[in-house]
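The values are calculated or read from the model by the stated rules, or taken from the named source; none is laboratory data. Treat the numbers as computed from the prediction; the structure is a model and nothing was measured. Reconstructed Cβ throughout: ideal geometry from the backbone, glycine too, with neighbour counts over all protein chains shown. Side chains included, ligands, DNA and RNA excluded: accessible areas come from the protein's heavy atoms. Shrake-Rupley method; radii C 1.70, N 1.55, O 1.52, S 1.80 Å.
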Amino acid sequence: MTDSKKNVLVRLWFWFWQPNGRFAFGAIFIAGGIAGVIFWGGFNTFMEYTNTMTFCTSCHEMKAFPFEEYKKTAHYKNAAGVRVICSDCHVPKDWTRKLVRKIQATNELFHWVLGTIDTREKYEAKRLELAEHVWASMKASDSRECRNCHSYEAMDFHKQTRRARTKMQSGLKEGKTCIDCHKGVAHRLPEDYEDEDD
Ligand code: HEC
Ligand code: HEC
Ligand code: HEC
Ligand code: HEC
(Lines give C-alpha, C1' and ligand atoms only; values in the text may rest on other atoms or scores of the structure.)
(Ligands and ions follow the chains in the order given, each with its own letter.)
Protein backbone atom coordinates (compact mmCIF):
# COMPACT_ATOMS: atom_id res chain seq x y z
CA MET A 1 0.00 0.00 0.00
CA THR A 2 1.32 3.46 -0.83
CA ASP A 3 1.75 6.04 1.92
CA SER A 4 -0.97 8.31 0.55
CA LYS A 5 -3.46 5.43 0.62
CA LYS A 6 -2.47 4.66 4.19
CA ASN A 7 -3.03 8.31 5.06
CA VAL A 8 -6.52 8.24 3.62
CA LEU A 9 -7.35 5.12 5.60
CA VAL A 10 -5.98 6.56 8.83
CA ARG A 11 -7.98 9.74 8.34
CA LEU A 12 -11.15 7.78 7.58
CA TRP A 13 -10.59 5.71 10.73
CA PHE A 14 -10.35 8.82 12.90
CA TRP A 15 -13.25 10.48 11.14
CA PHE A 16 -15.43 7.47 11.77
CA TRP A 17 -14.70 7.45 15.49
CA GLN A 18 -15.61 11.14 15.86
CA PRO A 19 -19.17 11.53 17.09
CA ASN A 20 -20.35 13.38 13.95
CA GLY A 21 -18.53 10.85 11.76
CA ARG A 22 -20.44 8.01 13.32
CA PHE A 23 -23.59 10.02 12.89
CA ALA A 24 -22.87 10.43 9.18
CA PHE A 25 -22.22 6.73 8.90
CA GLY A 26 -25.49 5.98 10.63
CA ALA A 27 -27.27 8.31 8.23
CA ILE A 28 -25.78 6.51 5.24
CA PHE A 29 -26.84 3.21 6.74
CA ILE A 30 -30.41 4.37 7.27
CA ALA A 31 -30.58 5.95 3.81
CA GLY A 32 -29.40 2.63 2.37
CA GLY A 33 -32.14 0.86 4.28
CA ILE A 34 -34.79 3.24 2.97
CA ALA A 35 -33.50 2.85 -0.59
CA GLY A 36 -33.70 -0.89 -0.09
CA VAL A 37 -37.29 -0.70 1.05
CA ILE A 38 -38.20 1.52 -1.91
CA PHE A 39 -36.49 -0.86 -4.30
CA TRP A 40 -38.24 -3.82 -2.68
CA GLY A 41 -41.58 -2.01 -2.88
CA GLY A 42 -40.94 -1.19 -6.53
CA PHE A 43 -40.06 -4.80 -7.21
CA ASN A 44 -43.26 -6.01 -5.61
CA THR A 45 -45.30 -3.39 -7.47
CA PHE A 46 -43.76 -4.73 -10.66
CA MET A 47 -44.68 -8.28 -9.60
CA GLU A 48 -48.25 -7.09 -8.98
CA TYR A 49 -48.40 -5.34 -12.34
CA THR A 50 -47.30 -8.46 -14.17
CA ASN A 51 -50.29 -10.25 -12.60
CA THR A 52 -52.89 -7.91 -14.12
CA MET A 53 -55.06 -8.85 -17.06
CA THR A 54 -53.86 -5.73 -18.90
CA PHE A 55 -50.34 -7.08 -18.80
CA CYS A 56 -51.23 -10.60 -19.97
CA THR A 57 -53.52 -9.39 -22.74
CA SER A 58 -50.91 -6.94 -23.99
CA CYS A 59 -49.59 -10.06 -25.74
CA HIS A 60 -52.49 -12.52 -25.54
CA GLU A 61 -55.07 -10.21 -27.00
CA MET A 62 -56.68 -10.78 -30.36
CA LYS A 63 -59.63 -12.84 -31.51
CA ALA A 64 -59.14 -16.60 -31.39
CA PHE A 65 -56.43 -16.04 -28.83
CA PRO A 66 -57.27 -16.94 -25.28
CA PHE A 67 -58.82 -13.59 -24.32
CA GLU A 68 -61.88 -13.64 -26.60
CA GLU A 69 -62.71 -17.23 -25.67
CA TYR A 70 -62.33 -16.61 -21.98
CA LYS A 71 -64.75 -13.65 -22.20
CA LYS A 72 -67.53 -16.10 -23.06
CA THR A 73 -66.99 -18.25 -19.97
CA ALA A 74 -68.38 -18.24 -16.44
CA HIS A 75 -65.00 -17.23 -15.10
CA TYR A 76 -65.25 -13.86 -16.85
CA LYS A 77 -68.91 -13.15 -16.07
CA ASN A 78 -71.34 -14.92 -13.73
CA ALA A 79 -74.41 -14.29 -11.61
CA ALA A 80 -72.33 -13.57 -8.52
CA GLY A 81 -70.14 -11.00 -10.26
CA VAL A 82 -66.83 -12.63 -9.37
CA ARG A 83 -64.23 -12.23 -12.09
CA VAL A 84 -61.41 -14.72 -12.34
CA ILE A 85 -58.46 -13.24 -14.21
CA CYS A 86 -55.58 -14.91 -16.09
CA SER A 87 -53.15 -14.86 -13.20
CA ASP A 88 -55.70 -16.40 -10.78
CA CYS A 89 -55.40 -19.63 -12.77
CA HIS A 90 -51.91 -19.31 -14.26
CA VAL A 91 -49.75 -17.74 -11.54
CA PRO A 92 -49.30 -19.25 -8.06
CA LYS A 93 -50.18 -17.02 -5.09
CA ASP A 94 -47.26 -18.11 -2.96
CA TRP A 95 -44.39 -15.60 -3.33
CA THR A 96 -41.57 -18.02 -4.18
CA ARG A 97 -43.61 -20.04 -6.66
CA LYS A 98 -44.83 -16.80 -8.19
CA LEU A 99 -41.25 -15.66 -8.71
CA VAL A 100 -40.35 -19.01 -10.30
CA ARG A 101 -43.32 -18.70 -12.67
CA LYS A 102 -42.24 -15.16 -13.63
CA ILE A 103 -38.74 -16.34 -14.38
CA GLN A 104 -40.12 -19.14 -16.57
CA ALA A 105 -42.18 -16.49 -18.33
CA THR A 106 -39.02 -15.00 -19.85
CA ASN A 107 -39.43 -17.87 -22.33
CA GLU A 108 -42.72 -16.23 -23.33
CA LEU A 109 -40.92 -12.94 -23.87
CA PHE A 110 -38.46 -14.72 -26.14
CA HIS A 111 -41.22 -16.39 -28.19
CA TRP A 112 -43.10 -13.11 -28.35
CA VAL A 113 -40.05 -11.49 -29.95
CA LEU A 114 -39.87 -14.43 -32.38
CA GLY A 115 -43.62 -14.10 -33.08
CA THR A 116 -44.21 -17.82 -32.37
CA ILE A 117 -47.99 -17.47 -31.80
CA ASP A 118 -48.80 -14.09 -33.35
CA THR A 119 -51.30 -15.30 -35.95
CA ARG A 120 -54.37 -17.45 -35.54
CA GLU A 121 -52.84 -20.24 -37.62
CA LYS A 122 -49.66 -20.30 -35.59
CA TYR A 123 -51.64 -20.20 -32.37
CA GLU A 124 -53.85 -23.13 -33.33
CA ALA A 125 -50.85 -25.09 -34.52
CA LYS A 126 -49.19 -24.72 -31.13
CA ARG A 127 -52.25 -24.75 -28.91
CA LEU A 128 -52.17 -28.44 -27.99
CA GLU A 129 -48.52 -28.23 -26.95
CA LEU A 130 -49.11 -25.12 -24.82
CA ALA A 131 -52.25 -26.57 -23.26
CA GLU A 132 -50.32 -29.71 -22.39
CA HIS A 133 -47.77 -27.63 -20.46
CA VAL A 134 -50.62 -26.10 -18.47
CA TRP A 135 -52.33 -29.44 -17.81
CA ALA A 136 -49.07 -31.03 -16.69
CA SER A 137 -48.32 -28.25 -14.22
CA MET A 138 -51.89 -28.26 -12.86
CA LYS A 139 -51.82 -32.01 -12.45
CA ALA A 140 -48.49 -31.76 -10.64
CA SER A 141 -49.83 -29.14 -8.24
CA ASP A 142 -53.12 -31.04 -7.67
CA SER A 143 -54.91 -28.08 -9.32
CA ARG A 144 -53.69 -25.73 -6.58
CA GLU A 145 -54.83 -22.54 -8.33
CA CYS A 146 -58.37 -23.90 -8.87
CA ARG A 147 -58.50 -24.87 -5.22
CA ASN A 148 -57.60 -21.34 -4.13
CA CYS A 149 -61.24 -20.60 -4.91
CA HIS A 150 -63.08 -23.92 -5.18
CA SER A 151 -62.80 -26.33 -2.33
CA TYR A 152 -64.28 -29.76 -2.06
CA GLU A 153 -65.30 -29.07 1.56
CA ALA A 154 -67.16 -25.91 0.56
CA MET A 155 -69.17 -27.56 -2.22
CA ASP A 156 -72.85 -27.96 -1.53
CA PHE A 157 -73.31 -31.22 -3.36
CA HIS A 158 -77.08 -31.09 -2.85
CA LYS A 159 -77.22 -27.95 -4.94
CA GLN A 160 -75.26 -29.53 -7.77
CA THR A 161 -76.67 -31.54 -10.62
CA ARG A 162 -76.76 -35.28 -10.07
CA ARG A 163 -74.03 -35.74 -12.68
CA ALA A 164 -71.73 -33.23 -10.97
CA ARG A 165 -72.39 -34.72 -7.56
CA THR A 166 -71.73 -38.35 -8.44
CA LYS A 167 -68.81 -37.72 -10.80
CA MET A 168 -66.98 -35.37 -8.48
CA GLN A 169 -67.42 -37.24 -5.24
CA SER A 170 -66.25 -40.54 -6.69
CA GLY A 171 -63.59 -38.97 -8.93
CA LEU A 172 -61.90 -36.99 -6.18
CA LYS A 173 -61.94 -40.02 -3.88
CA GLU A 174 -60.18 -42.03 -6.57
CA GLY A 175 -57.40 -39.44 -6.52
CA LYS A 176 -58.36 -37.48 -9.63
CA THR A 177 -57.79 -33.76 -9.62
CA CYS A 178 -59.94 -30.91 -10.97
CA ILE A 179 -58.01 -30.52 -14.23
CA ASP A 180 -58.42 -34.24 -15.04
CA CYS A 181 -62.12 -33.58 -15.67
CA HIS A 182 -62.32 -29.82 -16.21
CA LYS A 183 -60.18 -29.05 -19.20
CA GLY A 184 -61.29 -26.11 -21.32
CA VAL A 185 -62.97 -24.13 -18.52
CA ALA A 186 -61.59 -20.84 -19.84
CA HIS A 187 -60.54 -21.53 -23.41
CA ARG A 188 -61.60 -23.59 -26.37
CA LEU A 189 -60.00 -27.02 -26.28
CA PRO A 190 -57.31 -27.71 -28.87
CA GLU A 191 -58.83 -29.22 -32.02
CA ASP A 192 -56.51 -32.21 -32.00
CA TYR A 193 -57.28 -33.11 -28.37
CA GLU A 194 -59.18 -36.30 -27.53
CA ASP A 195 -60.94 -36.43 -24.18
CA GLU A 196 -60.76 -39.66 -22.18
CA ASP A 197 -61.84 -38.52 -18.68
CA ASP A 198 -65.16 -36.99 -17.59
C1 HEC B 1 -44.34 -10.47 -23.84
C2 HEC B 1 -45.59 -11.08 -24.28
C3 HEC B 1 -46.34 -11.97 -23.29
C4 HEC B 1 -46.87 -11.59 -22.07
C5 HEC B 1 -46.83 -10.20 -21.41
C6 HEC B 1 -47.53 -12.77 -21.54
N7 HEC B 1 -47.37 -13.83 -22.41
FE8 HEC B 1 -48.06 -15.74 -22.12
N9 HEC B 1 -47.11 -16.36 -23.84
C10 HEC B 1 -46.48 -15.53 -24.74
C11 HEC B 1 -45.96 -16.34 -25.84
C12 HEC B 1 -45.22 -15.82 -27.07
C13 HEC B 1 -46.27 -17.70 -25.53
C14 HEC B 1 -45.90 -18.95 -26.34
C15 HEC B 1 -44.63 -19.54 -25.74
C16 HEC B 1 -44.11 -20.70 -26.56
O17 HEC B 1 -44.35 -20.72 -27.77
O18 HEC B 1 -43.43 -21.55 -25.94
C19 HEC B 1 -47.02 -17.67 -24.27
C20 HEC B 1 -47.52 -18.81 -23.65
C21 HEC B 1 -48.37 -18.78 -22.54
C22 HEC B 1 -48.99 -19.94 -21.92
C23 HEC B 1 -48.81 -21.36 -22.37
C24 HEC B 1 -48.14 -22.16 -21.26
C25 HEC B 1 -46.78 -22.73 -21.52
O26 HEC B 1 -46.11 -23.02 -20.48
O27 HEC B 1 -46.33 -22.94 -22.65
C28 HEC B 1 -49.76 -19.48 -20.87
C29 HEC B 1 -50.62 -20.31 -19.92
C30 HEC B 1 -49.59 -18.04 -20.82
N31 HEC B 1 -48.75 -17.63 -21.83
C32 HEC B 1 -50.20 -17.23 -19.89
C33 HEC B 1 -49.87 -15.89 -19.66
C34 HEC B 1 -50.35 -15.12 -18.53
C35 HEC B 1 -51.30 -15.63 -17.46
C36 HEC B 1 -49.77 -13.88 -18.64
C37 HEC B 1 -49.90 -12.71 -17.63
C38 HEC B 1 -49.51 -13.05 -16.25
C39 HEC B 1 -48.94 -13.88 -19.84
N40 HEC B 1 -49.02 -15.12 -20.43
C41 HEC B 1 -48.20 -12.79 -20.31
C42 HEC B 1 -46.35 -14.15 -24.63
C43 HEC B 1 -46.67 -13.39 -23.50
C1 HEC C 1 -60.41 -16.65 -8.41
C2 HEC C 1 -61.34 -17.74 -8.14
C3 HEC C 1 -61.45 -18.93 -9.10
C4 HEC C 1 -60.43 -19.70 -9.62
C5 HEC C 1 -58.93 -19.54 -9.42
C6 HEC C 1 -61.07 -20.75 -10.39
N7 HEC C 1 -62.43 -20.60 -10.36
FE8 HEC C 1 -63.81 -21.83 -11.24
N9 HEC C 1 -65.28 -20.54 -10.77
C10 HEC C 1 -65.13 -19.40 -9.99
C11 HEC C 1 -66.37 -18.65 -10.02
C12 HEC C 1 -66.64 -17.36 -9.28
C13 HEC C 1 -67.28 -19.38 -10.84
C14 HEC C 1 -68.69 -19.02 -11.23
C15 HEC C 1 -69.66 -19.53 -10.24
C16 HEC C 1 -71.05 -19.18 -10.71
O17 HEC C 1 -71.40 -19.58 -11.83
O18 HEC C 1 -71.74 -18.50 -10.00
C19 HEC C 1 -66.57 -20.57 -11.29
C20 HEC C 1 -67.12 -21.58 -12.07
C21 HEC C 1 -66.51 -22.80 -12.36
C22 HEC C 1 -67.13 -23.94 -12.99
C23 HEC C 1 -68.59 -24.04 -13.46
C24 HEC C 1 -68.82 -23.23 -14.68
C25 HEC C 1 -68.11 -23.77 -15.89
O26 HEC C 1 -67.32 -23.00 -16.49
O27 HEC C 1 -68.28 -24.95 -16.23
C28 HEC C 1 -66.15 -24.92 -13.10
C29 HEC C 1 -66.32 -26.32 -13.70
C30 HEC C 1 -64.93 -24.36 -12.55
N31 HEC C 1 -65.19 -23.08 -12.10
C32 HEC C 1 -63.72 -25.02 -12.50
C33 HEC C 1 -62.50 -24.39 -12.23
C34 HEC C 1 -61.19 -24.97 -12.50
C35 HEC C 1 -60.97 -26.36 -13.08
C36 HEC C 1 -60.26 -24.05 -12.11
C37 HEC C 1 -58.74 -24.16 -12.21
C38 HEC C 1 -58.21 -24.35 -13.57
C39 HEC C 1 -60.98 -22.88 -11.60
N40 HEC C 1 -62.32 -23.13 -11.70
C41 HEC C 1 -60.38 -21.75 -11.06
C42 HEC C 1 -63.99 -19.02 -9.32
C43 HEC C 1 -62.70 -19.51 -9.58
C1 HEC D 1 -64.01 -37.25 -12.00
C2 HEC D 1 -64.24 -36.02 -12.69
C3 HEC D 1 -64.30 -34.73 -11.88
C4 HEC D 1 -63.39 -34.24 -10.97
C5 HEC D 1 -62.11 -34.91 -10.47
C6 HEC D 1 -63.85 -32.92 -10.59
N7 HEC D 1 -65.02 -32.63 -11.24
FE8 HEC D 1 -66.09 -30.91 -11.11
N9 HEC D 1 -67.57 -31.70 -12.25
C10 HEC D 1 -67.50 -32.92 -12.91
C11 HEC D 1 -68.72 -33.11 -13.69
C12 HEC D 1 -69.03 -34.31 -14.58
C13 HEC D 1 -69.52 -31.95 -13.45
C14 HEC D 1 -70.87 -31.65 -14.05
C15 HEC D 1 -70.65 -30.90 -15.31
C16 HEC D 1 -71.84 -30.90 -16.23
O17 HEC D 1 -72.83 -31.51 -15.91
O18 HEC D 1 -71.69 -30.28 -17.29
C19 HEC D 1 -68.77 -31.09 -12.56
C20 HEC D 1 -69.21 -29.84 -12.13
C21 HEC D 1 -68.39 -28.91 -11.47
C22 HEC D 1 -68.77 -27.56 -11.14
C23 HEC D 1 -70.12 -26.92 -11.41
C24 HEC D 1 -71.06 -27.33 -10.30
C25 HEC D 1 -72.48 -26.86 -10.55
O26 HEC D 1 -73.41 -27.67 -10.29
O27 HEC D 1 -72.67 -25.74 -10.99
C28 HEC D 1 -67.71 -26.97 -10.52
C29 HEC D 1 -67.59 -25.56 -9.99
C30 HEC D 1 -66.65 -27.97 -10.46
N31 HEC D 1 -67.10 -29.14 -11.05
C32 HEC D 1 -65.39 -27.76 -9.92
C33 HEC D 1 -64.47 -28.75 -9.66
C34 HEC D 1 -63.26 -28.57 -8.91
C35 HEC D 1 -62.77 -27.24 -8.35
C36 HEC D 1 -62.63 -29.77 -8.81
C37 HEC D 1 -61.35 -30.11 -8.05
C38 HEC D 1 -61.42 -29.86 -6.59
C39 HEC D 1 -63.46 -30.73 -9.54
N40 HEC D 1 -64.56 -30.08 -10.02
C41 HEC D 1 -63.16 -32.07 -9.72
C42 HEC D 1 -66.46 -33.82 -12.85
C43 HEC D 1 -65.33 -33.71 -12.03
C1 HEC E 1 -60.42 -20.46 -14.86
C2 HEC E 1 -58.99 -20.60 -15.06
C3 HEC E 1 -58.32 -19.89 -16.24
C4 HEC E 1 -58.38 -18.55 -16.54
C5 HEC E 1 -59.17 -17.45 -15.87
C6 HEC E 1 -57.49 -18.37 -17.69
N7 HEC E 1 -56.95 -19.58 -18.07
FE8 HEC E 1 -55.62 -19.89 -19.57
N9 HEC E 1 -55.74 -21.90 -19.29
C10 HEC E 1 -56.44 -22.52 -18.28
C11 HEC E 1 -56.38 -23.97 -18.48
C12 HEC E 1 -57.03 -25.01 -17.59
C13 HEC E 1 -55.60 -24.18 -19.64
C14 HEC E 1 -55.21 -25.52 -20.30
C15 HEC E 1 -56.01 -25.72 -21.58
C16 HEC E 1 -57.48 -25.86 -21.32
O17 HEC E 1 -57.88 -26.74 -20.53
O18 HEC E 1 -58.25 -25.07 -21.91
C19 HEC E 1 -55.21 -22.86 -20.13
C20 HEC E 1 -54.44 -22.63 -21.28
C21 HEC E 1 -53.93 -21.40 -21.65
C22 HEC E 1 -53.00 -21.17 -22.74
C23 HEC E 1 -52.39 -22.25 -23.63
C24 HEC E 1 -53.07 -22.35 -24.98
C25 HEC E 1 -54.51 -22.76 -24.95
O26 HEC E 1 -55.33 -22.04 -25.55
O27 HEC E 1 -54.86 -23.79 -24.35
C28 HEC E 1 -52.76 -19.82 -22.79
C29 HEC E 1 -51.85 -19.08 -23.75
C30 HEC E 1 -53.55 -19.22 -21.73
N31 HEC E 1 -54.26 -20.20 -21.07
C32 HEC E 1 -53.57 -17.86 -21.45
C33 HEC E 1 -54.55 -17.25 -20.65
C34 HEC E 1 -54.79 -15.80 -20.60
C35 HEC E 1 -53.98 -14.77 -21.35
C36 HEC E 1 -55.85 -15.61 -19.76
C37 HEC E 1 -56.55 -14.29 -19.41
C38 HEC E 1 -57.11 -13.55 -20.56
C39 HEC E 1 -56.24 -16.92 -19.24
N40 HEC E 1 -55.44 -17.88 -19.83
C41 HEC E 1 -57.26 -17.15 -18.32
C42 HEC E 1 -57.12 -21.89 -17.24
C43 HEC E 1 -57.42 -20.53 -17.20
Taking the Cα centroid of region 98-126 and of region 151-198, what is the distance between the two, rounded to the nearest whole Å? 28 Å
Apportionment of accessible area to carbon and sulfur, region 49-180, percent (1.4 Å): 60 percent
Report the net charge of residues surrounding W112, where surrounding means a beta-carbon distance below 14 angstrom and charges are Lys +1, Arg +1, Asp -1, Glu -1. -1
Applying 1/(1 + (r/R0)^6) with R0 = 30 Å to the Cβ-Cβ distance of V37 and C181, what FRET efficiency is obtained, to the nearest 0.05? 0.05
Treating the angle as unsigned and between 0 and 90°, give the value, to the nearest 10°, between the Cα long axis of helix 162-173 and the longest Cα principal axis of the chain. 50 degrees
Based on the Cβ-Cβ distance of V113 and T54, what FRET efficiency does E = 1/(1 + (r/R0)^6) give at R0 = 25 Å, to the nearest 0.05? 0.80
For the chain, find the longest principal axis of its Cα atoms and tell me its angle to the long axis of helix 95-104, 0 to 90°, nearest 10. 80 degrees
Compute the Cα gyration tensor for region 1-41, then decide on rounded, prolate or oblate, letting a ≥ b ≥ c be the square roots of its eigenvalues: rounded whenever a/c is under 1.5, prolate when a/b is larger than b/c in the other cases, and oblate in all that remain. oblate
Principal-axis tilt of helix 120-140 within the chain, Cα atoms, nearest 10 degrees: 80 degrees
Can you compute the modelled spin-label distance between A125 and A164, with each label point 7 Å from Cα toward Cβ, in nm? 4.0 nm
Solvent-accessible area of E124 with every protein chain in place, 1.4 Å probe, in Å² to the nearest 10: 40 Å²
Taking a ≥ b ≥ c as the square roots of the eigenvalues of the Cα gyration tensor of region 58-149, is the shape rounded (a/c under 1.5), prolate (a/b larger than b/c) or oblate? oblate
